[in-house]
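Inspection log for the structure reproduced underneath, given as structure tokens.
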Amino acid sequence: MRRTLLSLALCGALLSSSAAAQAAPEPPSSGRLFSYGSHERQNITVYGAARSAHRPALVILHGGSWARDTDWSGRARWFAARGFTVYDTDYRLTSDAAWPAQRDDVLAALRWV
């Protein structure tokens, strides 16, 4: 499932890159943090301007086998500077909650987006 989600995100990024390339790049931002659940790790950092019909979106689900946190903020800022609205999604790790909490968190985050 993880590979499929990553593949979909990358395909979406590539397909919409031509539209993003036409827009003038924006300076990278520090992002805005939003919560989609009650746990401290259930949050989404949004980079770039608000989603519009002319702005592609990208959802990032960090790797780490559900057990380790990895930092994708640099990549998120890179895509935001190129016209994307980026949703850098965090979820509870296996040290915070047992499986299938991670899957449930990802689905909740996608519903929030």
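Odds and ends about this structure:
- Candidate set from the stretch 67-92 (those that are hydrophobic (A, V, I, L, M, F, W, C) and not in a helix (DSSP H, G or I)); member that is modelled with the lowest pLDDT: Ala67
- Meets criteria (within 15 Å of Leu107 (Cα to Cα) and open to solvent by 40 Å² or more (accessible area, probe 1.4 Å)) for Ser35: yes
- Whichever residue in the stretch 83-107 is surrounded by 17 or more Cβ atoms within 10 Å (Cβ to Cβ) and touching a residue at least 60 places away in the same chain (Cβ under 8 Å) and, among such residues, is farthest from Phe34 (Cα to Cα): Gly83
- Any hit, the stretch 13-26, residues being modelled with pLDDT under 95 and either touching a Ser or Thr at 6+ places or on another chain (Cβ under 8 Å) or in a strand (DSSP E or B) (or both): no
- Filter result (open to solvent by less than 50 Å² (accessible area, probe 1.4 Å) and part of a loop (DSSP other than H, G, I, E, B)) within the stretch 42-66: Gln42, Gly48, Ala49, Arg55, Pro56, His62, Gly63, Gly64
- Extreme residue, surrounded by the most Cβ atoms within 10 Å (Cβ to Cβ), among residues of the stretch 70-82 that are free of Cβ contacts under 8 Å to residues at least 40 places away in the same chain and among the charged types (D, E, K, R): Arg75
The values are calculated or read from the model by the stated rules, or taken from the named source; none is laboratory data. Just so we're clear, the structure is a prediction, and the values are computed from it rather than from any experiment. Backbone-built Cβ (ideal geometry, glycine too); neighbour counts: all protein chains shown. The protein model used for the area step is the full one, side chains on, heavy atoms only, and it has no ligands, DNA or RNA in it. Shrake-Rupley method; radii C 1.70, N 1.55, O 1.52, S 1.80 Å.
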